[in-house]
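The values are calculated or read from the model by the stated rules, or taken from the named source; none is laboratory data. The structure presented is a predicted model; accordingly, all values stated were derived computationally and were not measured. Using ideal geometry, Cβ is built from the backbone for each residue, glycine included, and neighbour counts are taken over all protein chains shown.
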Amino acid sequence: MSKFNGNNNSKTLKTAFERANYKLNAFNDSEIQVVDFNFAERTFYGRVNRKIDPVIPNQNFTKNFHNQDFRIMNFVGDQFKEMYIRYSNALNLSLISQQDANLSELTVIRGWEDPINLYSNFMSSFMNSFLVEKMIPNEKKIHSFDDFLKMFEAHVLENDIGHKLTLSGFMKSRQSSIFNTGLAFQVAPVGFADDSIKESTILDSPNYAFFMNMAKQFGFSVNIQNPSVLVSDLAHPTTTRFRERYDLYNVSTVFEKQYLRTYNFDFDLLSQYLMDTFNSFVYLKPNLKEVYVCNNKTKSNISKRNNIDSIDYNIILLLYIKIRNMEEIFPFSHSEMKSIHSTSVRLFDITPEKALEFIESQFRSRYNTKEGSLTYYKKKFQK
């Protein structure tokens, strides 16, 4: 009979108890390689750099796993290759069971998932819904791009819909995952939802102890939410050995050299989605019919809506700041946002990169006091 019966099918008190039972009792205290990636800053492991700036892997530094199709960061690929060879040798020497369906061999079934593709799919769906459900039913209110922006801002901010609309917000949301980091991969068909399947597939495996020892020895953390998911521990001495092959001598240089800060893409991506959505609306509704009364007679005037191919960065910058403020759960007041906007406009005239870096630095300065951060919990428990 299974000792762990938690699952995502219900949200009862019993389910909460079962989840807690799994977290507290599924692993031994000595298994220090087991990590809860849903706690505090660990939630963003590999998705933010040391400054807490959201990041994505630079595809130029990814490679295929040894003998397998999925991709991963280059040093993690090397790290896995050596572990794979050691694991295969143990199997050939009958040091581990050959009858284990999942842990006799290390077969990667899930690797790096490009966050740009996920974000693009999400935004395309969101903007299409906005077009169909808000813009077209209210087409008479949209004379120009400015009218469209006002409607979009009201929909997003006044309704506080909670969507993560920038790439930066997306990478710090539940819509992205550890698999977007290039540091994580999965070796058995085990889901995150059902603890009893984790138990029968991984925890009760005859090769479990060897699997856990190999993970620890080769610098991989085991995800407590799903023990078939291994994550490269960037600070582990073994990982360091593989990092240094690529001149990555500390954790900070990993993110500086092989990852891209998402805030550098936020403005252009948001601007493009806004322009594309408005132009799609113009294509569907090219004419605006206005009815009015003149000399007691009802008349109409038909004007043509025009596509746009550029936008005023001043206006979009303010909207961007407001959206980032929503994504970070409103750390700044309206007057504070106006001040950030004023400075960012001046910096944008120098280079857009300076403006976007400044904006992100303002949100970064408020992060350590944010509820849910490690600093937040430290201060809470010190009281």
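For the stretch 129-138, a residue qualifies if it is in contact (Cβ under 8 Å) with a residue 40 or more places away in the chain and surrounded by fewer than 16 Cβ atoms within 10 Å (Cβ to Cβ), and exactly one does: Ile136. When the stretch 93-116 is filtered for residues that are of a type in the set (S, T, N, Q) and touching a residue at least 40 places away in the same chain (Cβ under 8 Å), the ones remaining, listed by number, are Ser97, Gln99, Asn102, Ser104, Thr107. For the stretch 52-92, filtering for residues that are part of a loop (DSSP other than H, G, I, E, B) and more than 16 Å from the chain's Cα centre (by Cα) leaves 6. Taken as a whole, the stretch 21-28 holds at least one residue that is charged (D, E, K, R) and either out of contact with any Leu (no Cβ under 9 Å at 6 or more places or on another chain) or assigned to a loop (DSSP other than H, G, I, E, B) (or both). Comparison of Gly191, Gly219 shows that the only residue that is in the same structural domain as Met83 (by TED's automatic domain parsing) and surrounded by fewer than 19 Cβ atoms within 10 Å (Cβ to Cβ) is Gly191.
Identify, from the list Ile323, Ile340, the residue that is free of Cβ contacts under 8 Å to residues at least 60 places away in the same chain, of a type outside the set (Lys, Arg) and surrounded by 13 or more Cβ atoms within 10 Å (Cβ to Cβ). Step by step, each of Ile323, Ile340 is checked, and only Ile340 is free of Cβ contacts under 8 Å to residues at least 60 places away in the same chain, of a type outside the set (Lys, Arg) and surrounded by 13 or more Cβ atoms within 10 Å (Cβ to Cβ). Can you pull out every residue in the stretch 343-366 that is among the hydroxyl-bearing types (Ser, Thr, Tyr) and either surrounded by fewer than 12 Cβ atoms within 10 Å (Cβ to Cβ) or within 13 Å of Asp266 (Cα to Cα) (or both)? Within the stretch 343-366, Thr351, Ser365 qualify. Report, by residue number, each residue of the stretch 299-324 that is closer than 27 Å to Phe358 by Cβ and touching a Leu at 6+ places or on another chain (Cβ under 8 Å). Listed by number, the residues that qualify are Ile311, Ile315, Ile316, Leu319, Tyr320, Lys322, Ile323.
Name the residues in the stretch 57-97 that are of a type outside the set (A, V, I, L, M), farther than 26 Å from Thr253 by Cα and touching an Asp or Glu at 6+ places or on another chain (Cβ under 9 Å), would you? Answer for the stretch 57-97, where residues must be of a type outside the set (A, V, I, L, M), farther than 26 Å from Thr253 by Cα and touching an Asp or Glu at 6+ places or on another chain (Cβ under 9 Å): Tyr84, Tyr87, Ser88. Each residue in the stretch 235-275 was checked for being surrounded by fewer than 16 Cβ atoms within 10 Å (Cβ to Cβ), over 23 Å from the mean Cα position of the chain (by Cα) and part of a helix (DSSP H, G or I), and 4 of them qualify. Considering Ser120, Ser104, Ser97, the condition of being surrounded by fewer than 20 Cβ atoms within 10 Å (Cβ to Cβ), at pLDDT 95 or above and among the small types (Gly, Ala, Ser) is satisfied by Ser120 alone.
Has the stretch 97-118 got at least one residue that is in a helix (DSSP H, G or I) and among the aliphatic types (A, V, I, L, M)? Looking for residues that are in a helix (DSSP H, G or I) and among the aliphatic types (A, V, I, L, M), one finds at least one in the stretch 97-118, hence yes. Among the residues of the stretch 151-190, those that are more than 30 Å from Gln258 (Cβ to Cβ) and either touching a Pro at 6+ places or on another chain (Cβ under 9 Å) or small (Gly, Ala, Ser) (or both) comprise Ala154, Gly162.
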